[in-house]
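Take a look at the structure below.
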Amino acid sequence: MIKSPEELVQYISKLKEKREKKLQQPSVYVCVGTGCTASGSRKVYAKFVEVIKSKGLDFKVETIDDDEPVKKTGCCGLCSLGPLVKIMPSGITYSHVTVDDVEEIVEKTLVKGEAIDRLLLTDPITDRKVERLEDATFFKNQTFYIMDAIGTSECESIEDYMARGGYLSLAKVLSGMDREEIIKMVKASGLRGRGGGGFPTGLKWEAAYKSQGDIKYVVCNADEGDPGAFMNRTLLERDPHSVLEGMVIAAYTIGAKKGYAYIRAEYPIAVEMFNKAIEDARRYGLLGENILGTDFSFELYVKEGAGAFVCGEETALLASIEGKRGVPRPRPPFPAQSGLWGKPTLINNVESYANVPKIIKDGVENYRSRGVENSPGTKMFSVTGPLKLTGIIEIQFGTTLRYILENICGGTSNGQKIKAIQIGGPSGACLPEELFDLPLDYDSLKSVGAMVGSGGIVAITEDRCMVEVARFFLDFTKRESCGKCVPCREGTMQAYNILEKFTQGKATYQDLENLEYLAEVIKTASLCGLGKTAPNPIISTLKYFRPEYIEHIEGKCPSGMCTAFKKYVIIPEKCKSCSLCARSCPNGAISGERGKPYVIDQEKCIKCGLCVTKCKFGAIELVG
């Protein structure tokens, strides 16, 4: 246990020297983030340990916290290429590594320093093999700030975090920084909430600090429920101590003695990593009573969320921690005045907390050197869709969407043109190709009816139907509505029913008018952020892709995606009159007689496609 800020600074200095030496010695770093774990990386890790021990290899590794040359590292961002393995000191990195590759990697790369060509990453932009992560265009075109030490950060080691400068900010704060000075610094940085709203973090801290009360709380919102979004999960898995340190600093600043990290239960690795981080911080005296020998005490606990999307809304989240049903409440009062159990509560996003130690350690000017005036710093995004590379990226605000799609992710994997991106999660907006050169920041996106949101970006190619995209996302939000307010509960359901009519070829111009009106009512009258933003996919697709709605009314889906506008037909020349299709049709829509081609009654056909799978002669096709 470390008993003073000065002792912590000295200890960190020694760890930094050891880490620099360690990186120059033979070692293996295996990514154990969720993406790589799903591809078998933990089995690969175990195999490396087994092979190195069985061969009796002794690399005399001067490690920080153990003597094993095989390390677990956090997510590198290239989730589509896992499992990823990085060999030091060469930095040679392999993708799609399997258990069968381990022995060869040990013999050729770890021992001899030779690269194995078939396992190297192929850069989709240059179409060349690259040996090091840092040489891949995917990484070179990003701006890493909170995702530092890509490929060599040890996600389970507090000592490694310290060796990279971790907890120096806490030591600085507890060495005598005035609480108002900390708030002034956070405000001057221009840090804005990374959870979606983009509210100035410093103003939140100031409000919580000024609120009167002997009991205050600090809460971390890690209830990341957006489909296709996994930035918070990634950060908690790769660098849990960065979030923990930010929360401890926040607690000191506002005068809180207890805090909660609300992490959804579907993130078991993140929960495991953060719980371990809490235990290790306690072991070093960075949590608990009299932290670093001062009169400041703070305890932190993990609360696992049950998976309700609405609990991402801060008042619903607080209700859930209290053991109540997770439903929002009207504001004011805001949580900073009356939050958890009616006490002043500071609640921030995972990424927001992780930025704070960096700002205090490196300074406001350093932080503001990235990004743009009203949106300084960087932002993590999860990029999904039919792209050559997908996963987690970190870019500075002001970067364009086109730059992300083409210069980082390498363009589409199927050769089709990207006609839209959906940004900001299910409550975000769909933007057309002509807006891809728009700077990516809070104000620019707001000016076109979109928002940064939690940071999800979904690429949509020209073969996708934008009406169906809107229906898909509204299906999610209507299911996740808590049901407390009528505009959200009933409005999203009715809007979804209208969208269903469009995709089923039954919509009229009156439906189009009703949909527009209903979307505005839901946005204006709903109680919380879920309801107010739920119609965004409708509003944005009506604004930028209105012709697709018109074509659906007139009997055509321009992308050919909606099957209601298609029909199954039997090609007479290929039909053998075997009756297999007729006997398999669940709705009796196919009829005919021996010796003559069978026919499909389009009124009865439910377009299940079963007839196509049964026909042995390829005589049935979907046309339209």
Residue within the stretch 561-580 that is modelled with pLDDT under 95, under 30 Å from Cys430 (Cβ atoms), out of contact with any Cys (no Cβ under 7 Å at 6 or more places or on another chain) and polar (S, T, N, Q) present: yes
Selection count, the stretch 213-241, where residues are in contact (Cβ under 8 Å) with a residue 60 or more places away in the chain, farther than 26 Å from Tyr29 by Cα and either assigned to a loop (DSSP other than H, G, I, E, B) or open to solvent by 10 Å² or more (accessible area, probe 1.4 Å) (or both): 11
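Can you go through Leu81, Leu120 and tell me which one is under 20 Å from Ser39 (Cβ atoms) and in contact with a His (Cβ under 7 Å, 6 or more places away or on another chain)?
Being under 20 Å from Ser39 (Cβ atoms) and in contact with a His (Cβ under 7 Å, 6 or more places away or on another chain) holds for just one of Leu81, Leu120, which is Leu81.
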Number of the condition not met by Phe476 [criteria: (1) in contact (Cβ under 8 Å) with a residue 60 or more places away in the chain; (2) out of contact with any helix residue (DSSP H, G or I) (no Cβ under 7 Å at 6 or more places or on another chain); (3) of a type outside the set (A, V, I, L, M)]: (2)
Of the criteria (1) touching a helix residue (DSSP H, G or I) at 6+ places or on another chain (Cβ under 6 Å); (2) open to solvent by less than 50 Å² (accessible area, probe 1.4 Å), which one Ala525 fails: (2)
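Would you point out the residue of the stretch 305-335, among those that are surrounded by fewer than 18 Cβ atoms within 10 Å (Cβ to Cβ) and within 25 Å of the chain's Cα centre (by Cα), that is nearest to Asp214 (Cα to Cα)? Write out each step before concluding.
Filtering the stretch 305-335 for residues surrounded by fewer than 18 Cβ atoms within 10 Å (Cβ to Cβ) gives 306-307, 322-325, 329-334.
Restricting the remaining residues to those that are within 25 Å of the chain's Cα centre (by Cα) gives 306-307.
On the way: Ala306: 30, Gly307: 32 Å.
Per the stated criteria, the residue is Ala306.
Do we find that Gly176 is of a type in the set (Gly, Ala, Ser), under 23 Å from Leu286 (Cβ atoms), open to solvent by 30 Å² or more (accessible area, probe 1.4 Å) and out of contact with any helix residue (DSSP H, G or I) (no Cβ under 6 Å at 6 or more places or on another chain) in this structure? Before you say what the answer is, go through the steps one by one.
Values: of a type in the set (Gly, Ala, Ser): yes; under 23 Å from Leu286 (Cβ atoms): yes; open to solvent by 30 Å² or more (accessible area, probe 1.4 Å): yes; out of contact with any helix residue (DSSP H, G or I) (no Cβ under 6 Å at 6 or more places or on another chain): yes.
Yes; evaluated as a whole, the condition is true for this residue.
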Tabulated pairs, the stretch 348-361, first at pLDDT 95 or above, second of a type in the set (Ser, Thr, Tyr) and not in a helix (DSSP H, G or I), C-beta under 7 angstrom, 6+ apart or interchain: Lys358/Tyr145
Residues of the stretch 70-126 classified as within 25 Å of Lys388 (Cβ to Cβ), open to solvent by 40 Å² or more (accessible area, probe 1.4 Å) and in contact (Cβ under 8 Å) with a residue 40 or more places away in the chain, total: 4
Selection count, the stretch 588-612, where residues are surrounded by 12 or more Cβ atoms within 10 Å (Cβ to Cβ) and of a type in the set (S, T, N, Q): 1
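Gly531 - would you say it is at pLDDT below 95, of a type outside the set (S, T, N, Q) and more than 29 Å from the chain's Cα centre (by Cα)?
On the way: at pLDDT below 95: yes; of a type outside the set (S, T, N, Q): yes; more than 29 Å from the chain's Cα centre (by Cα): no.
So Gly531 fails the test.
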Filter result (open to solvent by 40 Å² or more (accessible area, probe 1.4 Å) and part of a helix (DSSP H, G or I)) within the stretch 479-505: Arg479, Glu480, Val486, Arg489, Glu490, Met493, Gln494, Asn497, Glu500, Lys501
Tally, over the stretch 419-461, of residues that are open to solvent by less than 10 Å² (accessible area, probe 1.4 Å), free of Cβ contacts under 8 Å to residues at least 60 places away in the same chain and within 17 Å of Pro535 (Cα to Cα): 3
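Can you tell me how many residues in the stretch 153-179 are aliphatic (A, V, I, L, M), assigned to a loop (DSSP other than H, G, I, E, B) and closer than 18 Å to Gln10 by Cβ? Break it down into steps so the answer makes sense when it comes.
Here is the first cut: in the stretch 153-179, the ones aliphatic (A, V, I, L, M) are 158, 162-163, 168, 170-171, 173-174, 177.
Of the ones still in play, those that are also assigned to a loop (DSSP other than H, G, I, E, B) are 177.
Keeping just the survivors that are closer than 18 Å to Gln10 by Cβ gives none.
The number of residues fulfilling the criteria is 0.
Check Ser369, Ser375, Ser413 and return the single one that is open to solvent by less than 30 Å² (accessible area, probe 1.4 Å) and either at negative phi or among the β-branched types (Val, Ile, Thr) (or both). Break it down into steps so the answer makes sense when it comes.
Details: Ser369 fails: open to solvent by less than 30 Å² (accessible area, probe 1.4 Å); Ser413 fails: open to solvent by less than 30 Å² (accessible area, probe 1.4 Å).
Of the residues listed, the single one that is open to solvent by less than 30 Å² (accessible area, probe 1.4 Å) and either at negative phi or among the β-branched types (Val, Ile, Thr) (or both) is Ser375.
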Residue within the stretch 538-551 that is out of contact with any Gly (no Cβ under 7 Å at 6 or more places or on another chain), open to solvent by less than 40 Å² (accessible area, probe 1.4 Å) and modelled with pLDDT under 95 present: no
Matching option when the condition is hydroxyl-bearing (Ser, Thr, Tyr) and more than 23 Å from Pro333 (Cβ to Cβ), among Ser211, Ser169: Ser169
Flag if Tyr301 is over 18 Å from the mean Cα position of the chain (by Cα) and either surrounded by fewer than 16 Cβ atoms within 10 Å (Cβ to Cβ) or assigned to a helix (DSSP H, G or I) (or both): yes
Strands (runs of 3 or more DSSP E) contained in the stretch 382-442 and holding at least 2 residues in contact with a Cys (Cβ under 9 Å, 6 or more places away or on another chain) and of a type outside the set (Gly, Ala, Ser): 391-396, 418-423
Checklist (1) closer than 26 Å to Ile457 by Cα; (2) not hydroxyl-bearing (Ser, Thr, Tyr); (3) not in a loop (DSSP other than H, G, I, E, B) applied to Glu272, failing item: (1)
Per-region count, the stretch 18-60, residues outside any helix (DSSP H, G or I), open to solvent by less than 40 Å² (accessible area, probe 1.4 Å) and either touching an Asp or Glu at 6+ places or on another chain (Cβ under 7 Å) or among the β-branched types (Val, Ile, Thr) (or both): 4
Those residues of the stretch 127-141 which are open to solvent by 20 Å² or more (accessible area, probe 1.4 Å) and assigned to a loop (DSSP other than H, G, I, E, B), in sequence order: Asp127, Glu131, Asn141
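Among the residues of the stretch 176-212, write down those that are acidic (Asp, Glu) and touching a residue at least 24 places away in the same chain (Cβ under 8 Å). Lay out the reasoning, then the answer.
The initial filter retains those residues of the stretch 176-212 that are acidic (Asp, Glu), namely 178, 180-181, 206.
Result: Glu180, single match.
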Condition broken by Arg264, with the remaining ones in (1) in contact with a strand residue (DSSP E or B) (Cβ under 6 Å, 6 or more places away or on another chain); (2) over 26 Å from Pro426 (Cα atoms) satisfied: (2)
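Could you say which residue among Ile182, Ile150 is modelled with pLDDT of 95 or more and either in a loop (DSSP other than H, G, I, E, B) or over 20 Å from Leu236 (Cβ atoms) (or both)?
Values: Ile150 fails: modelled with pLDDT of 95 or more.
So the residue among Ile182, Ile150 that is modelled with pLDDT of 95 or more and either in a loop (DSSP other than H, G, I, E, B) or over 20 Å from Leu236 (Cβ atoms) (or both) is Ile182.
If I ask for residues that are in contact with a Phe, Trp or Tyr (Cβ under 9 Å, 6 or more places away or on another chain) and part of a loop (DSSP other than H, G, I, E, B), which ones from the stretch 506-527 would you list?
The answer is Ala507, and nothing else.
The values are calculated or read from the model by the stated rules, or taken from the named source; none is laboratory data. In this text, all values refer to a predicted model and were calculated from it rather than measured experimentally. Neighbour counts run over all protein chains shown; Cβ positions are idealised from the backbone, glycine included. Note: areas computed on protein heavy atoms with side chains; ligands, DNA, RNA excluded. Shrake-Rupley method; radii C 1.70, N 1.55, O 1.52, S 1.80 Å.
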